[in-house]
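The values are calculated or read from the model by the stated rules, or taken from the named source; none is laboratory data. This is a predicted model, so every value here is computed, not measured. Quick reminder, even Gly has a Cβ in these numbers, built from the backbone with ideal geometry, and neighbours come from all protein chains shown.
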Amino acid sequence: MTFPFRKTLLSASVSLAALFAGAAVMAQEAVFVLNTSEVGAPTYNPIKATNLNKATTLIFDRLVSQAADLSYHPWLAESWEEAPDGMAWTFHLKKGVKFHNGEPFNANTVKEWLELFKASENAYMTEAVAEVQVIDDATVKFVMSRPEPNLLYNLSSSYMSVIEPKSYKELGDNYGVTEVYGTGPFKLESFAIGQETVLTRNDDYTWGSPLSKNTGPAKIAKITFREIAEDSTAFLELKTGGVDMLLGVPADLIGEVKKEANLAVLTMPGQDVYYMPINVTKPPFDDIKVREAAAKAINQEEILASVFGGIGSVADTFLISALPEGHVPDADKIHYDPVRANALLDEAGWKMGANGVREKDGQPLKVSLWTQSDSIFRRLTEVVQAQLKAVGIEAEITTFDSSMIRDQYKTGEQQLAVRSYNWDNADIVDWFFGGDRLGYPNVSMFNDPKAEELRAKAMTGSKNMEERVANFTAYHDYVLTQFPMAPIYQPVDAVAYNADHLVLPDTINAPGIGPVAIMDMEVKE
Amino acid sequence: MTSWLIRRILLLVPVFLAVSVVIFLILHFIPGDPIDNLLKVGSSPQARAEMEARYGLDRPLPVQYGIWLGKVLHGDLGTAIVARRPVADLIAQALPHSLALGGLALLFSSAMGVMLGVIAALNRDRWPDRLIMGGVLAGSTMPSFWLGLILMLVFSVGLGWFPISGARGWTSLVLPVLTIGLGGTALVARITRVSMIEASARDFVMLLHAKGLSPLRIQLAHVLRHALIPVVTILALRIGWILGGAVTVEVVFARPGLGTLLIKSLSQHDYPVVQACLLMLAMAVMLGTLLGDILQALMDPRVRAAMA
């Protein structure tokens, strides 16, 4: 019984090759790791959830999709018309769209879904919709109680994912946990909270957003979304081929990823802004000159280079650059200007003292600078402290736990702080500077009569999108001229992927890696 | 014995009540509240007041406590404010993972610890003793997240024996169990060694030697039995600790569990979830001590006699 060794080896390698070939045909499968901030999301119920992860956007479609320039494009709604006075919107729906459980998507679905949505805690998004009228099977009319130029933005949000109303009512709290039905390119196969979600391709899908090249069924057949809370673990998984893509890479790991030959990083404009709120009610910052001086003492370029390794971009307004409302006159943008900062402080009566700290009436210019305990904030805040010192402001850092700092802001005792927000709509100006939310979110305690007037106009006085953009630009511009904060930095959203295994589309016409990108994504065979 | 057991169990009731008050108060006294985590940009201040009213957060603390305790006693842990799921469901999802990890780690550290402790005691002050005691000391001083990452680098990245992370199948349990178990081993080994040495110096051991029993038999059948009493006490106390103390290991190895659930809900101030998690951990400690007492009674006739 002696087998020729070479022959055995040959047949073994042949069968091994066959195995690999078989695997390759099957291999339209990918494993993604969710962003750490999305770990532990307990449900895929868009109506009830407060935290929805990326997989949600593949299970559901929305009426409207948003492009990279934040403009609005058709999705489940083929087209729409807005009444000139803003009091009605008519949506023409795509025909032939089906939910994963076979139920049709039509005008009635939209009506029932909005009714369910209105009973939720996110109802403010549609509170301006007074009534939904079903014109015919594929046409719905929203009758408005007031003009809502932000309607398209709301409809493009993942919280306004179109759910299947019948199963939603039947399943109750289990909708989104044990079963979930949407119209999206992927169906839920299994979901283990805090662990993983497995999605399989919806082969009937032909109604993708026109922003992706592929509007038919997705190229990837099966996606597993894993939840890994620790970034270094996720990185090791990526490095060893356990997973194919990390949907969020912290700035300090980007360098590590780039060192690996088979890994690649893709960055897209993010939705975060780092800034320094200035409490306008606390001396010395009740003097606008001191506020302007503090704001202009912040050297954004230096921070970008030294704290964030040059990845991302500087912020010179309160909004992310992609938003049209951020286009304020150049003179009102807030840039590093040490000469002006020093001159303003001199003018305000704060004279440079012997030890490099300014003084007025024998009092040193000492202020508090609050921050949260995450390491990136601590590092950034130390640099801000040094930059303030350079113009003669001595800032003393106090660090709070990130879940407690909001309550500390509510005391109104803060002078300066370093924080960040994540949002892609100009109404964030209202959120952080509205006079009725002093303390938190209005950390700057900013309550200015003219700003309130402009704010009311921006929030409720716009009939259509152009007016809204104009009104918000005016409001945002005015807020900037009052220096209730100093803009610092805009990070990028970075994803890391295994370039040997995944092919990403060359251009992604969306604000982030989401369904538009994943529809065009391929697994290498 | 039975009446002692009943008395011992009844004693748990006041402890349980005291623990529930402490848990409730601590949680509500730390700054921050769950509504902040629910509010989205754009919602109005009225919406906030409505939400507070909906979850009963506007009522006085004693009333809130009364409502919560009443429900808990009826087996209803409530609904998570931020996570929007019945708390019992969230815990039911997490608990099996914690029990598997904690149970195996406890088993590993007891078996390993007792074995090493016995070997060290038998070779007292010779090189195996020094080696073992030095080794376990080094093992116990390593922070568990670091040890976890090192084990991961060696066994998963380097050798490829086990998956790096996740909770799929038994292979993914090996490294987390080792990480937690190694820390516990040190404690068990040291206590076993010390109490073995102490017990060997007792008069009855001399008598056994005089009777001509083999030294190994004396050590394993008689001395070890005495020596295990403090070990069992320590192990019983560790039951609660192991369930909740695995947080860092759960995070590093991306495993769901009670620890991660607790940390996540604590950062969101999701009161019902945190309260339920802490209550689970407190109960685990309480039941662990009870179990320890019972085991001790079973092992030691003197304790049994004192009880009767």
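Some notes on this structure:
- Hits in the range A:50-75 - residues which are crowded, with 23+ Cβ neighbours inside 10 Å and of a type in the set (A, V, I, L, M): A:Ala55, A:Leu58, A:Ile59, A:Leu63
- Counted residues, the range B:159-172 - those being part of a helix (DSSP H, G or I) and modelled with pLDDT of 85 or more: 0
- In the set (1) free of Cβ contacts under 8 Å to residues at least 24 places away in the same chain; (2) surrounded by 15 or more Cβ atoms within 10 Å (Cβ to Cβ); (3) over 24 Å from B:Val249 (Cβ atoms), the condition left unmet by B:Asp129 is number (1).
- Only residues that are more than 7 Å from every other protein chain (Cβ to nearest Cβ) and farther than 24 Å from B:Pro272 by Cβ were counted across the range B:32-43, and they come to 0.
- Condition met for A:Val198 (away from chain B (no Cβ under 14 Å), of a type outside the set (S, T, N, Q) and not in a loop (DSSP other than H, G, I, E, B)): no
- Helices (runs of 4 or more DSSP H) completely within the range B:212-271 that count 1 or more residues being away from chain A (no Cβ under 14 Å): B:224-244
- Residue satisfying all of: in the range A:352-392; modelled with pLDDT under 95 and surrounded by fewer than 13 Cβ atoms within 10 Å (Cβ to Cβ); farthest from B:Gly32 (Cα to Cα) among these: A:Ala354
- Residue within the range A:98-117 that is of a type in the set (S, T, N, Q), surrounded by 17 or more Cβ atoms within 10 Å (Cβ to Cβ) and either away from chain B (no Cβ under 14 Å) or out of contact with any Phe, Trp or Tyr (no Cβ under 6 Å at 6 or more places or on another chain) (or both) present: yes
- In the range A:215-297, counting only strands (runs of 3 or more DSSP E) that sit wholly within it, the ones holding 1 or more residues that are closer than 18 Å to A:Asn35 by Cα and acidic (Asp, Glu) span A:272-277.
- The residue of the range A:414-437 that is surrounded by the fewest Cβ atoms within 10 Å (Cβ to Cβ), among those that are more than 9 Å from every other protein chain (Cβ to nearest Cβ) and part of a helix (DSSP H, G or I), is A:Val429.
- Yes/no for B:Asp203 being of a type in the set (Asp, Glu) and either within 28 Å of B:Arg85 (Cβ to Cβ) or within 14 Å of chain A (Cβ to nearest Cβ) (or both): no
- Residues in the range B:144-156 that are loosely packed, with under 15 Cβ neighbours inside 10 Å and either within 8 Å of another protein chain (Cβ to nearest Cβ) or closer than 24 Å to B:Ala120 by Cβ (or both): 1 in all.
- Qualifying residue in the range A:347-360 (condition: among the charged types (D, E, K, R) and within 14 Å of chain B (Cβ to nearest Cβ)): no
- Scan of the range A:404-413 for residues that are surrounded by 19 or more Cβ atoms within 10 Å (Cβ to Cβ) and in contact with a helix residue (DSSP H, G or I) (Cβ under 9 Å, 6 or more places away or on another chain), ordered by number: A:Arg406
- Residues that are more than 16 Å from A:Asp424 (Cβ to Cβ), out of contact with any Leu (no Cβ under 8 Å at 6 or more places or on another chain) and away from chain B (no Cβ under 11 Å), drawn from the range A:39-69: A:Thr56, A:Phe60
- Checking A:Ser79 against (1) in contact (Cβ under 8 Å) with a residue 40 or more places away in the chain; (2) away from chain B (no Cβ under 14 Å), the condition it does not meet: (1)
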